[in-house]
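Worksheet for the structure shown next.
The values are calculated or read from the model by the stated rules, or taken from the named source; none is laboratory data. All of these numbers come straight from a predicted model, not from anything done at the bench. Cβ placement follows ideal geometry from the backbone for every residue including glycine, while neighbour counts extend to all protein chains displayed.
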Amino acid sequence: MNYGFVKIASAIPSLKVADCTYNIQQIESLIVQAEGKGVEIIVFPELCICGYTCGDLLGQQLLLEKCEESLFKLLDFTRSLQIISLVGMPVMVGGLLMNCAIVIQSGKILGVVPKTFLPNYKEFYEQRWFAPSTATNDQQVHLCAQTVPFGRNLLFHTQRTTFGIELCEDLWAPIPPSNELALRGAEIIFNLSASNELIGKNQYLLSLISQQSARCITGYVYSSCGFGESTQDIAFAGNALIYENGSLIAHSKRFCLEEQMVISEIDTERLLTERRHNTTFSENVRLIAHSSPIPLQQSTIHVQCQTVYPADELKLIRRINPHPFVPSGSVLDERCEEIFSIQTSGLAKRIVHTGARCIVLGISGGLDSTLALLVCVKTMDLLNRSRKEVIGVTMPGFGTTDRTYHNAIALMKSLDITIKEISIKEACIQHFLDIDHDPNNHDVTYENSQARERTQILMDVANQCNGFVVGTGDLSELALGWCTYNADHMSNYGVNCSIPKTLVKYLVKWVALTSVDDASKATLLDIIETPISPELIPANDDGTIQQKTEDLVGPYELHDFFLYHFLRFGFRPAKILYLAEQAFINQTNPEVAEDGMPVGTYDEATIRKWLKTFCRRFFTQQFKRSCLPDGPKVGSVSLSPRGDWRMPSDASSSDWLSDLES
């Protein structure tokens with residue numbers, strides 16, 4: 001199985017202006033390299049066979065004949081190859097010269113796509129030589145002794161994907177041809193380009209491709225000419241770019257003097273899932289079926305490509321992020337600040353609307369309650385209200401350790417909130433007597449009674465002060481059902497409800513390093529290093545935590561990875577397993593990921609084991625998610641029964657578990 005991945009390449013060959021023989025040799029060399037690496041489709045720059053900057057030489061019959069002669073050579077060269085190649089050259093069509101993309105495979109021309117929008121301003125004057133695609137109604141062209149499909153609306157179908165083509169300026173138009181190609185079924189758009197360089201233009205280009213890829217929910221593969229083109233009046237940096245639904249997944253080096261080729265995979269299964277979920281996209285598909293925003297000069301032509309089988313088992317080149325929820329790179333501070341802003345604005349609205357005189361939350365010394373406390377404090381600052389109106393309640397129980405207790409107290413003190421300490425031990429012992437439960441039997445009743453006692457205390461304290469309870473549970477716990485029904489499962493407003501555990505940990509660390517005093521920083525960093533635990537079972541003899549969550553349900557690092565791909569893209573367990581192996585085993589992983597978080601080491605059996613646990617628990621624990629309290633959606637994944645996830649509580653997981661086993 002290839003799980004929807006299509007391996008593609010964007011190439012920038014060495015070039016000599018008007019030397020078609022030299023240029024085709026360079027193109028052939030890159031095609032052979034790409035074929036050897038399992039590439040299925042490769043794209044080259046605009047007019048790469050002769051060179052974009054030929055100028056009035058494009059009016060010379062000799063150059064046009066040399067282009068076709070070189071294409072003949074390329075067809076013969078590729079006769080035994082299955083790779084699909086997209087090259088650019090001028091083509092005569094019924095007395096008109098057109099700037100075209102030629103699609104070839106195994107010695108055959110599959111189709112010819114002409115450029116629609118010809119720039120004729122400032123340094124560009126393409127209309128001097130070329131006619132646009134709208135100048136003819138021809139649907140076929142005779143080229144290299146073959147009569148082949150012709151037109152701007154060609155769609156090419158392979159075993160794995162459907163793709164369309166536009167050329168350079170087409171992308172810059174108010175309504176690019178790729179809009180319609182995508183709505184008619186193209187999952188990948190290839191662009192043969194010759195965009196020159198100006199100050200600031202490259203950043204605009206990247207933004208343009210990203211937006212078009214996202215708007216059309218496509219892969220977008222761009223190849224622009226580089227070193228070798230004439231620099232008489234302009235210069236070319238060379239851009240080989242691969243985007244997927246707005247995200248850049250591979251790129252070349254700009255202003256390189258050597259040939260370049262970037263290779264990656266586009267996940268068409270992911271794109272199709274996005275399109276199914278996006279009702280606006282499907283509505284536009286319906287509209288385009290009745291009327292085109294640009295009147296079509298011809299109906300869409302479908303071209304069937306030869307089936308391409310991979311040379312060996314699929315091996316991904318693209319990197320799979322082991323921490324898909326965690327921000328990284330240059331947008332780090334901005335993303336973290338935005339997450340806190342969403343949480344605090346949501347909580348602020350609830351405080352103002354209810355007229356609450358205080359907000360109450362349980363403080364355990366663990367990660368989730370720590371993040372919730374930071375949000376509460378920041379919200380009160382935002383509302384210009386006293387932090388003393390945040391009531392933090394620490395409720396020591398049978399499993400509370402000195403480390404978590406002291407961290408809870410220290411953090412509340414350094415943040416200057418109101419502190420309450422209420423032990424739950426005596427109340428739980430009385431409860432065990434009332435229901436005739438042996439307190440030495442540390443079963444689920446023993447654990448859950450403590451969790452429910454804590455929630456009762458929080459609700460009653462909130463009543464006393466005319467406030468409400470802020471929930472601390474996170475997205476990962478809700479996905480696994482790792483919460484006690486009508487206990488920590490319940491609150492009046494859950495600020496962490498769409499924050500997964502890996503992101504909780506990261507946000508707490510970000511706050512510790514950027515925006516608190518030294519005392520709070522020291523406490524926060526120790527909380528981050530504390531094993532995750534509900535602390536409902538007595539500690540070990542040495543006072544350390546005995547009940548470690550990740551020993552029981554599995555590493556949250558893995559579960560968050562599973563959750564992201566399961567909910568965000570609807571991937572099947574087999575594909576999630578494949579991606580997890582790539583992220584945690586196969587790809588060269590540093591000890592620390594791009595986001596700065598450590599990356600765990602797992603084998604295939606371990607990943608499979610916890611993925612099975614995830615699938616089983618996700619289905620069986622839906623009943624807890626069907627009645628969740630309100631809380632703000634922060635990222636692209638949410639489990640709110642009023643928002644992103646409406647699932648029956650009694651759905652069967654058998655097919656998902658079978659898929660994983662198979």
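Points worth noting:
- Sole residue being touching a helix residue (DSSP H, G or I) at 6+ places or on another chain (Cβ under 6 Å), more than 25 Å from L475 (Cα to Cα) and in the same structural domain as V508 (by TED's automatic domain parsing), chosen from I417, I409: I417
- Listed by first and then second residue, the pairs linking a residue in segment 48-61 that is closer than 11 Å to W129 by Cβ to a residue that is surrounded by fewer than 15 Cβ atoms within 10 Å (Cβ to Cβ) and basic (K, R), with Cβ atoms under 8 Å apart and 6 or more places separating them unless they lie on different chains, are D56/R128.
For (1) within 15 Å of G88 (Cβ to Cβ); (2) in the same structural domain as L192 (by TED's automatic domain parsing); (3) assigned to a loop (DSSP other than H, G, I, E, B); (4) touching a helix residue (DSSP H, G or I) at 6+ places or on another chain (Cβ under 8 Å), each residue gets a yes or a no:
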residue: L15; (1), (2), (3), (4): yes, yes, yes, yes
residue: N23; (1), (2), (3), (4): yes, yes, no, yes
residue: Q26; (1), (2), (3), (4): yes, yes, no, no
residue: L30; (1), (2), (3), (4): yes, yes, no, no
residue: V39; (1), (2), (3), (4): no, yes, yes, no
residue: L47; (1), (2), (3), (4): yes, yes, yes, yes
residue: C50; (1), (2), (3), (4): yes, yes, yes, yes
residue: G55; (1), (2), (3), (4): no, yes, no, no
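- Residue match in segment 430-453 (condition: under 26 Å from C336 (Cα atoms) and of a type in the set (D, E, K, R)): no
- Of all residues in segment 346-357, those that are surrounded by 13 or more Cβ atoms within 10 Å (Cβ to Cβ) and not basic (K, R) total 6.
- So P90, is it surrounded by fewer than 24 Cβ atoms within 10 Å (Cβ to Cβ), at pLDDT 95 or above and not basic (K, R): yes
- Filter pass, K575 being of a type in the set (K, R), part of a helix (DSSP H, G or I), surrounded by 14 or more Cβ atoms within 10 Å (Cβ to Cβ) and under 24 Å from the mean Cα position of the chain (by Cα): yes
Residues checked against (1) assigned to a strand (DSSP E or B); (2) basic (K, R); (3) in contact with a Ser or Thr (Cβ under 8 Å, 6 or more places away or on another chain); (4) not assigned by TED's automatic domain parsing to the domain that holds A539:
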| site | (1), (2), (3), (4) |
| --- | --- |
| G346 | no, no, no, no |
| R350 | no, yes, no, no |
| A356 | no, no, no, no |
| V375 | no, no, yes, no |
| M380 | no, no, yes, no |
| N384 | no, no, no, no |
| P396 | no, no, yes, no |
| G399 | no, no, yes, no |
| R403 | no, yes, yes, no |
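- Looking across segment 538-554, the residues that are assigned to a loop (DSSP other than H, G, I, E, B), among the polar types (S, T, N, Q) and surrounded by 12 or more Cβ atoms within 10 Å (Cβ to Cβ) come down to T544, Q546, Q547.
- Selection within segment 164-174: residues that are in a strand (DSSP E or B) and touching a helix residue (DSSP H, G or I) at 6+ places or on another chain (Cβ under 7 Å). The member of this set that is farthest from A101 (Cα to Cα) is G164.
- Every condition in (1) touching an Asp or Glu at 6+ places or on another chain (Cβ under 9 Å); (2) more than 27 Å from I266 (Cα to Cα) holds for V6 except the one numbered (2).
- Qualifying residue in segment 134-146 (condition: in contact with a strand residue (DSSP E or B) (Cβ under 6 Å, 6 or more places away or on another chain), under 18 Å from S193 (Cα atoms) and surrounded by 19 or more Cβ atoms within 10 Å (Cβ to Cβ)): no
- Selection within segment 247-262 - touching a helix residue (DSSP H, G or I) at 6+ places or on another chain (Cβ under 8 Å) and under 14 Å from G226 (Cα atoms): R254, E259, M261
- Screening the candidates S520, S491 for the property of being in the same structural domain as T544 (by TED's automatic domain parsing), farther than 13 Å from G366 by Cβ and surrounded by fewer than 24 Cβ atoms within 10 Å (Cβ to Cβ) yields one hit, S520.
- Yes/no for L563 being modelled with pLDDT of 95 or more and assigned to a helix (DSSP H, G or I): yes
- Single residue of segment 578-595 satisfying the filter (within 22 Å of S636 (Cα to Cα) and touching a helix residue (DSSP H, G or I) at 6+ places or on another chain (Cβ under 8 Å)) that is surrounded by the fewest Cβ atoms within 10 Å (Cβ to Cβ): E594
- Residue list for segment 163-179, filter: among the β-branched types (V, I, T) and buried (at least 19 other Cβ atoms within 10 Å of the Cβ): I165
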